[in-house]
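Before any comments, here is the structure.
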Amino acid sequence: GGYEYYVWVFSAYMIATVIATPIFGKLSDIYGRKLFFQLGLVVFLLGSVLCGVAATMEQLIAYRAIQGIGGGALMPIAFAVIFDVFPPEKRGKMNGLFGAVFGLSSVFGPSLGAYITDYIDWRWVFYINVPIGIVALTLIQLGYRESKAANRQRIDWFGATTLVAAILGFMFAIELGGAETYGWGSPQIIGLFALFAVAFVLFFVAERRAADPIVELKLFKNRLFTASQAIGFFYGILMVSGATYIPLFIQGVYGESASAAGMTLTPMMLAVVVSSMVGGPLVSRMSYRNIMLISTVILAVSMVLLGTMTVDTPRWVVTMYMVLVGLGIGVNFVVLNISVLHGLPPQYKGTAISLITFFRTIGSALGVTVLGVVQKASYKARIEEAFPDAAAAAQFADPRALVVPEARAAIPPE
């Protein structure tokens, strides 16, 4: 009964993950990967159990934030472990394999979740993480041996605090801004952006003075490192544009079910798997630049094609466009995870990998918000263009009418 809070079930997890990712990355550099991967997994499982027993939307949102803190450790540390365990000539192949696992999970996870929700109970979407997590904890404990001593440093508490404040201010501002409750010019949103600006300046100053900063600013003097982070940010925007708005098009324009709309992402994610597996071996044969140039061209073409879609575009054509999106996106999970570490000392691996995840997630959050504003404005303008009569246009003021079967049934055929 909390539809108005629906988006926060996702946003709470994402905000917590963005905050936790660089902090866990740095801690894993200081105290070792194994400890913080296991800690992150335990927090994730605790959050999963709490989500399963949630009695209200407010509880579910709070527990999703706990789950997100744990999730912030898993992805970056998993990729950092590859660079600890495997020699350079095998890292491309193993990164490709991990990228494929990520893609397959993205395909089968939502489908399995839908099946569990329909035939068992939605709470088991969260409970199912527990047995899988226990197996993972056991395998890590028995099979993963760290080869080097922990790199003891002092924790930059002030840097961590100002980073958290800056991220919270920024994420809440873009999540809440532009809604009916808080306009972009409202005191609350301006205050959140002010919090972000002040905290970010303090964070920057703190990192320049700290003996062992959370984020090593000197890493950004490396052009390859900085370029990799920037590409990760923009790829986060592009990936979320396809994953968020194409299913909405399938439901709202073609009138297909929510499940069918979700399945539209399957071709894209399968293409991500193929692209990741092909991109891994290519790293040892081609330059990072050439691989990413090919990827960018494919992605740019796919975005242009998606921009040409109309009500008359055949369904199979949309599927082909989504395959192109996946082929363009997949290699970035492999190439950027390798290029960002090129030439860096071992003590910065966790930090560097966590920053790629950090910038991708920030890109996704910003992309959803900015593109959402564009989509709403475009929808309003086109509806007014199609229905010059204000009373007729007002019937479609809320786009949700187009994705609810009962409401669609009431729309006259013409």
Tally, over the range 16-35, of residues that are surrounded by fewer than 22 Cβ atoms within 10 Å (Cβ to Cβ) and assigned to a helix (DSSP H, G or I): 4
Matching option when the condition is under 22 Å from Ser106 (Cα atoms) and either at pLDDT below 85 or touching a helix residue (DSSP H, G or I) at 6+ places or on another chain (Cβ under 6 Å) (or both), among Gly372, Gly350, Gly343, Gly328: Gly328
So Arg209, is it at pLDDT below 90 and either basic (Lys, Arg) or open to solvent by 40 Å² or more (accessible area, probe 1.4 Å) (or both): yes
Residue identified as farther than 30 Å from Pro213 by Cβ, open to solvent by less than 50 Å² (accessible area, probe 1.4 Å) and either part of a helix (DSSP H, G or I) or touching a strand residue (DSSP E or B) at 6+ places or on another chain (Cβ under 9 Å) (or both) among Ile77, Ile116: Ile116
Leu366 being open to solvent by less than 50 Å² (accessible area, probe 1.4 Å) and either among the β-branched types (Val, Ile, Thr) or on the phi < 0 side of the Ramachandran plot (or both): yes
Number of the exception - Tyr13 against (1) open to solvent by less than 40 Å² (accessible area, probe 1.4 Å); (2) within 25 Å of Thr181 (Cα to Cα): (1)
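I'd like the full set of residues that are within 19 Å of Phe44 (Cβ to Cβ) and open to solvent by 60 Å² or more (accessible area, probe 1.4 Å), limited to the range 119-128.
Result: Trp122, Arg123, Trp124.
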Cβ-Cβ under 9 Å pairs, at least 6 apart or on other chains, the range 391-414 side open to solvent by less than 50 Å² (accessible area, probe 1.4 Å), far side of a type in the set (Lys, Arg) and at pLDDT below 75: Ala407/Arg400
Residue in the range 81-97 that is in contact (Cβ under 8 Å) with a residue 60 or more places away in the chain, open to solvent by 10 Å² or more (accessible area, probe 1.4 Å) and within 30 Å of Ala258 (Cα to Cα) present: no
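Out of Ala377, Ala381, I need the residue that is open to solvent by less than 70 Å² (accessible area, probe 1.4 Å), at pLDDT below 85 and more than 17 Å from Phe234 (Cα to Cα). Which one? Step through it out loud before you land on a result.
On the way: Ala381 fails: at pLDDT below 85.
Going through Ala377, Ala381 in turn, just one is open to solvent by less than 70 Å² (accessible area, probe 1.4 Å), at pLDDT below 85 and more than 17 Å from Phe234 (Cα to Cα): Ala377.
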Test: residue in the range 218-226 that is open to solvent by less than 50 Å² (accessible area, probe 1.4 Å), under 19 Å from the mean Cα position of the chain (by Cα) and assigned by the TED database to the domain that holds Val311: no
Filter result for Gly343 (in the same structural domain as Tyr31 (by the TED database) and open to solvent by less than 30 Å² (accessible area, probe 1.4 Å)): no
Single condition Trp122 does not satisfy, out of (1) assigned to a helix (DSSP H, G or I); (2) over 30 Å from Asp84 (Cβ atoms); (3) aromatic (Phe, Trp, Tyr): (1)
Residues (assigned to a helix (DSSP H, G or I) and of a type in the set (Ser, Thr, Tyr)) located in the range 183-226: Thr226
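The values are calculated or read from the model by the stated rules, or taken from the named source; none is laboratory data. What you see is a predicted model, and the numbers here were worked out from it, not measured in a lab. Neighbour counts run over all protein chains shown; Cβ positions are idealised from the backbone, glycine included. Note: areas computed on protein heavy atoms with side chains; ligands, DNA, RNA excluded. Shrake-Rupley method; radii C 1.70, N 1.55, O 1.52, S 1.80 Å.
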